[in-house]
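Below is one structure, written out as structure tokens; comments come after it.
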Amino acid sequence: MKKYLYLVLWFCGCAIAHASDCKSELAAHYKPVADSKFLLWAAELGGSAGYFNLAPTERRYMVQKIYLGLSAEWGKHQWVGEAGYKYWNRSNTGPGLGVSQSGWSSLPQPEKRNLGLREAFYRFHHASYDLTLGLQSVSLGSGWIVDERAVGARLDWNKGVWEGSLVSAAVMSDFARMQDHCATRHVYRLLRGGRLRLVGSDWGETNFAGATLAWKAGSTMSSTKNQEEPDTEWILQDFSATVSEPRLAVKKVGLIFIQEFGRGLYEYRPFWGGWMDIRTPGGIDASVEGVFQAISQERALGYRLQLDRQWNWRNGNSSSFSLAYYGRVSIDGHSRFYPAFSNLFLGDVLRLDSPDLPVLALSIGQRFFCQASPSFRIRWIQQIEKDNLQEVDFQIGAQLWQRIRLFTTFSHITGDPLRDSVWVGQLEFFLTL
């Protein structure tokens, strides 16, 4: 049971950090089937309803989701399967008169009723490596260039201060993160649907192979602060936190290589680069990344600068701050930086991604340790060039009886393709069984 408790706490922490990405907590609620020591199950019901004022008429929408998961473990072997049913509806089609582009009647969109798989894999766990085969979530390196659901094989290994990954997989719109079954951008459809869509609909159309190599922890550099000086305490009325990082520390340095290929891509698309994660004396986590897009006649450099800080107060509350800049340098003319399997999820409605760079993202959040665990977050997304898209999200959340989670989100969107600004209001609930 202690193993299950650790699993729940870990996934809950991930859900707080990535609340805008995917609010599902199915994996955190696996429990034994009857008294079985090997078979686990979980189920989750979710739904959302919203409104937005896109000219010429106001729009209403709804999304309903049901997920069921099964997991079997036997020694070093694990089998996981997660399936879901999704229904969505919108009161009016098209983008409204406020969008300058035409051709909406011919744009594809997912079926309103969709039954699909989210995970279906086998994993062999060894002390120094994991081998995963099947439909799985794949995030390589920092998670920028590849963050996708794909069918394939993945090997993760670690040895001392070194770790790495090898993967080869195929991606289809049936299960890709921003496509038919899992995405929500088509529900709002403020802009041109999926915009630049590089994910294929058939086997073999869009694939990737990649590798990462990283060195982690250990390297430190003295800061100007005296290392013998005791830890500094921050006191703010009833809130207090301890800063216990007296030195500048390199947490991880990594290299990544990705090759995209398939008959749905007009040519081979290689990407290679590296990243570095650093912890500063003030407890701020800094990350720097650069990736070279080596596509013939479309060479470009994508780079990321990010600062994150989390405060865990003595009364149980927590606060978070994040600032990230995703930039692009075009080498061949005005070439864009557009890895096919990146899913940045920037903005609760717009969901800006790598082809939309450069983009600045700011997030501030607070969670209270009390009954119902209330929380709030403000997020600002600004596209620096191109369409000058901007989205501001304000989200309030609560958790009831450990199984019911409620979210209320208000979003304000502006940009050159929109004649008028758009307000979006949304209510969401999730019930785990």
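Looking at 229, 245 in this structure, which one is touching a Ser or Thr at 6+ places or on another chain (Cβ under 9 Å), modelled with pLDDT under 85 and part of a loop (DSSP other than H, G, I, E, B)?
None of the other options fit; the residue is 245.
In region 190-201, what residues are crowded, with 18+ Cβ neighbours inside 10 Å, part of a loop (DSSP other than H, G, I, E, B) and modelled with pLDDT of 70 or more?
190, 198, 199
Pick from region 388-408 the residues that are among the polar types (S, T, N, Q) and at pLDDT below 95: which of them is farthest from residue 68 (Cα to Cα)?
388
Taking the criterion of being part of a strand (DSSP E or B), touching a residue at least 40 places away in the same chain (Cβ under 8 Å) and in contact with a Phe, Trp or Tyr (Cβ under 9 Å, 6 or more places away or on another chain), would at least one residue in region 330-343 satisfy it?
Among the residues of region 330-343, not one is part of a strand (DSSP E or B), touching a residue at least 40 places away in the same chain (Cβ under 8 Å) and in contact with a Phe, Trp or Tyr (Cβ under 9 Å, 6 or more places away or on another chain), which makes the answer no.
Considering only residues that are modelled with pLDDT under 95 and within 18 Å of residue 297 (Cα to Cα), look in region 261-272 and name the one that is surrounded by the most Cβ atoms within 10 Å (Cβ to Cβ).
269
Has region 313-322 got any residue that is of a type in the set (Phe, Trp, Tyr), within 16 Å of the chain's Cα centre (by Cα) and within 30 Å of residue 403 (Cβ to Cβ)?
No, region 313-322 has no match at all.
Kindly provide the set of residues from region 110-135 that are out of contact with any Leu (no Cβ under 7 Å at 6 or more places or on another chain) and among the acidic types (Asp, Glu), ordered by number.
Correct list: 111, 130.
Going through region 110-136 one residue at a time, which ones are under 25 Å from residue 155 (Cα atoms) and either outside any strand (DSSP E or B) or among the polar types (S, T, N, Q) (or both)?
Within region 110-136, 126, 127, 128, 132, 136 qualify.
Would you check if residue 147 is under 18 Å from residue 344 (Cα atoms) and of a type outside the set (Gly, Ala, Ser)?
The answer is yes for residue 147.
Can you find a residue in region 203-212 that is at pLDDT 95 or above and surrounded by fewer than 21 Cβ atoms within 10 Å (Cβ to Cβ)?
Scanning region 203-212, I find at least one residue that is at pLDDT 95 or above and surrounded by fewer than 21 Cβ atoms within 10 Å (Cβ to Cβ), so the answer is yes.
Name the single residue that is modelled with the lowest pLDDT among those in region 295-304 being surrounded by 15 or more Cβ atoms within 10 Å (Cβ to Cβ) and not β-branched (Val, Ile, Thr).
Ranking the qualifying residues of region 295-304, first place goes to 298.
The values are calculated or read from the model by the stated rules, or taken from the named source; none is laboratory data. Small disclaimer: the values here were computed from a predicted structure and weren't measured. Note that we place each Cβ from the backbone using ideal geometry, even for glycine, and neighbour counts take in every protein chain shown.
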